[in-house]
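Inspection log for the structure reproduced underneath, given as C-alpha cells.
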Number of protein chains: 2
Amino acid sequence: MSTSTYEKHLCPVAQALVDLGDQWTLLIVRDALSQKQIRFNELQESLGISRNLLTRRLVQLVEAGILERVGVEGSKRLAYQPTDKCRDLRLVILAMASWGEKWRPDPRLTRVETTRKSTGAPVELAFVDPDGARVPLSDVRVTRRRP
Amino acid sequence: MSTSTYEKHLCPVAQALVDLGDQWTLLIVRDALSQKQIRFNELQESLGISRNLLTRRLVQLVEAGILERVGVEGSKRLAYQPTDKCRDLRLVILAMASWGEKWRPDPRLTRVETTRKSTGAPVELAFVDPDGARVPLSDVRVTRRRP
DNA sequence: AGTTTCGGTTGACTTTGTGAACTGATTTCG
DNA sequence: CGAAATCAGTTCACAAAGTCAACCGAAACT
C-alpha cells in the first residue's frame, strides 16, 4: 500500500498512519525519544533494520517534521533529534506499550514505567472529564463528526 | 519485515507491533470497533484494501484474539466482532486520532469526539497520578525497566 | 428457477524490504 | 603525521509482501 492510499481516508487515524504506518517507523520514533539525539548506526544496530530502508525512513521522518537532522556538537558527524511533533507521539507509544504489556505478556520483556518527575509517583494514561475525574473506558462514547 | 523480526525486541511496543504493525491492521480494528460486528465486504469497500490481503489480515487478527469470526443471527453469513483485547485498543487508536488531528490538520477530516456516556461531558486522554490529578507531559518520566 | 450478493481464492504483476558488499568522508590511534 | 577504524550512507541482486482483476461455490433475494 502506498501512503497515498491512506491519504484518501478522511479520518485522523488514517492521517496519522500516513506518517506512522510504515513498519519500522514507530520503533525508530521510540528509540529517538529515548535520548536527546540518536545516530544512524545506533538506530541500525538497535533495530536490526536494513541500512537502505533506515535511510528512507529517516528521510521521511525528517520531511514529516518528526525528526531533525542535526550536527553533533564539536564534530562533523550527524544525528537525529525529536521535534515537538515527535514528543507528542509519546502518548501513542505509551498506549501501545501498556497494551503490549497487558495482552502480550512475557517475563523477559522490559516494563515501561511512567512516573511523575516532580514527585516520583506512578502515572497512568486514562480518560478524564473536565473536572479531572477519571472516566472508565466503558463510560466513554466515541463519535465521528463530519466537518 | 516479518513479524518475527519484531518479536526479537524485548519491548512491549515492539510486541504490540507484532499484532498491529501491518499496514492495514489498525484501520481494520478502527472499523471493527465502530459497530457490533462487521462483514468482509463492508471492510473491503470501506478501506479499499485488496481482498486477498484482507483475508490474510482477518485470519491474523482472529488468531491474535483481536477479532472473533461469528455467524450473523438468523443467517448463515459471517461477520467479525471485536474482543476485549480489541476494545482495549481504543486507547491506542484515540491517541493516534488526537495526534492526527493536531499534527495533520485538514478541514475535510472527520473529528473524533470522546464524551462521557453518563453525562455527555467531553473527555480527554491524559496522564493522571494516583490522586487522580492530571500530570502534564513535561512532568512525565518514562523508564524502561529490565525484568 | 434465475440472478445477485457474499466471502472468499487464484494467479500474474508491482512494490517494498533484506543482506551483503562498497564508498568516501571523518575520527582515532600509534 | 599516516594508517586503521568508524560513520553515514549507497548500490545491487534477491526475497517477501501488496495489488488488481477474474473466478468460485454457497446463500439470499425475486
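Where a number appears in this text, it was derived from the coordinates with a stated rule and is not lab data. As the structure is a prediction and not an experimental result, all values here were calculated from the model. Reconstructed Cβ throughout: ideal geometry from the backbone, glycine too, with neighbour counts over all protein chains shown.
Mind computing the radius of gyration and Dmax over the alpha-carbon atoms of the stretch A:54-98? Å is fine for both.
So, for the stretch A:54-98, Rg and Dmax equal 12.5, 39 Å respectively.
Compare the Cα positions of B:ASN41, B:ALA97, B:THR119 along the charge dipole of the stretch B:1-132 (+1 at Cβ of Lys, Arg; -1 at Cβ of Asp, Glu; about the Cα centre) and return the one farthest towards the positive end.
It is B:ASN41.
Given bins 5 angstrom wide, list per bin the percent of all Cα-Cα distances in the stretch A:73-134, short to long.
Bins of 5 Å from zero give 4, 12, 14, 18, 20, 13, 9, 6, 3, 2, 0 percent of pairs.
What nm distance separates the two modelled labels at B:THR83 and A:ARG144, each placed 7 Å from Cα along Cα→Cβ?
About 2.5 nm separates the two model spin labels.
Over the stretch A:3-87, what is the relative contact order in percent, taking alpha-carbon pairs closer than 8 angstrom and at least six residues apart?
Details: 83 pairs, mean separation 22.8, N = 85.
Computed value for the stretch A:3-87: 27 percent relative contact order.
At what distance in angstrom do the alpha carbon centres of the stretch A:46-110 and the stretch B:108-147 lie from each other?
Each part's Cα centre sits 22 Å from the other's.
How big is chain B by Rg and Dmax over its Cα atoms, in Å?
17.9, 54
Using only C-alpha positions, report the orientation-averaged shadow area of the convex hull of the stretch B:3-87, nm², one decimal.
Working: hull surface 23.1 nm².
Approximately 5.8 nm², given one-decimal rounding.
I need the Kirkwood Rh of the protein assembly as shown: take the reciprocal of the average 1/r across all distinct C-alpha pairs and report it in angstrom. Walk me through the intermediate numbers first.
On the way: mean 1/r = 0.0497 Å⁻¹.
Result for the protein assembly as shown, one decimal place: 20.1 Å.
Measure off 7 Å from each Cα along the Cα-to-Cβ vector at B:ALA121 and B:VAL72, then give the distance between these two points in nanometres to one decimal.
4.1
Let me have the 222 nm mean residue ellipticity of chain A computed from DSSP H runs of 4+ only, each contributing -39500 (n - 2.57), with the sum over all residues rounded to the nearest 500.
Details: 7 runs with 62 residues, N = 147.
Per the formula, -12000 deg cm²/dmol.
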